Amino acid sequence: MVKLLGISGSLRQGSYNSALLRRAAALMPDGATLQIGTIAGIPLYDGDVEAAEGLPAAVTLLKQQIAACDGLLLASPEYNNSIPGVFKNAIDWASRPSSDIARIFGGKPVAIMGASLGGFGTILSQNAWLPVLRTLGCDTWNGGRMLVSGAGKAFADGELVDRLVEERLQAYLDAFVRYVGTR
């Protein structure tokens, strides 16, 4: 059984990326599961807080979920042509203490997908994740791209309604699960 953890980089209730992740969970191929984690409740990183109080409970939970999964699926919005600050902040916290990076992220297969209102999907955000994931020692999967542009038309009432996008998502998930399963 391949166990994936999906994380949406948006806190917004009506997030297209969270909706994309929920649909991905429903489309998982046989022999695979997708648990959806959250970055909600993770405060801004502060080294003084870390030193005085340790890791916040939301960070500890996220780290446990990442460590326990076989692969990670990031659903990343694109803000100002890059990574959403709240998402990067959560990953920064999860990399603390630095002595834990190899245990949490080392060699972990990671796929990135995203949805946006614009015409380019989340290609710039996905590209911006690459040096971060490389630094953490992740095995970034390069077997395809899952970009949903024009998300306002692809989703309705929090659900993916574009069948072509769903077919692409299914193929993307099938390929990533196969990749994770061969490791």
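The values are calculated or read from the model by the stated rules, or taken from the named source; none is laboratory data. Keep in mind that what you see is a predicted model, and the values were worked out from it rather than measured. We place every Cβ from the backbone using ideal geometry, glycine too, and count neighbours over all the protein chains shown. What goes into the accessible areas is simple: the full protein's heavy atoms, side chains included, and nothing from ligands, DNA or RNA. Shrake-Rupley method; radii C 1.70, N 1.55, O 1.52, S 1.80 Å.
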Return the residues of the range 167-183 that are open to solvent by 30 Å² or more (accessible area, probe 1.4 Å) and in a helix (DSSP H, G or I); say none if nothing qualifies. Glu167, Arg168, Gln170, Ala171, Asp174, Arg178, Tyr179, Gly181
For Val148, all conditions in the list (1) aliphatic (A, V, I, L, M); (2) surrounded by 17 or more Cβ atoms within 10 Å (Cβ to Cβ); (3) within 24 Å of Ala68 (Cα to Cα) hold save one; what is the number of the exception? (3)
Selection from the range 148-183 of residues in contact with a helix residue (DSSP H, G or I) (Cβ under 7 Å, 6 or more places away or on another chain) and among the small types (Gly, Ala, Ser) yields Ala151, Ala154, Gly158
Go through the range 88-126 and give me each residue that's farther than 21 Å from Leu11 by Cα, in a helix (DSSP H, G or I) and not charged (D, E, K, R). Ser98, Ser99, Ile101, Ala102, Ile104
When Leu44 is run through (1) of a type in the set (A, V, I, L, M); (2) exposed (fewer than 15 other Cβ atoms within 10 Å of the Cβ); (3) in contact (Cβ under 8 Å) with a residue 40 or more places away in the chain; (4) not in a loop (DSSP other than H, G, I, E, B), the failure sits at (4)
Per-region count, the range 70-111, residues open to solvent by 10 Å² or more (accessible area, probe 1.4 Å), out of contact with any Ser or Thr (no Cβ under 7 Å at 6 or more places or on another chain) and either without any contact (Cβ under 8 Å) to a residue 12 or more places away in the chain or not hydroxyl-bearing (Ser, Thr, Tyr) (or both): 18
Sole residue being farther than 29 Å from Glu167 by Cβ and under 18 Å from the mean Cα position of the chain (by Cα), chosen from Ala111, Ala26, Ala58: Ala58
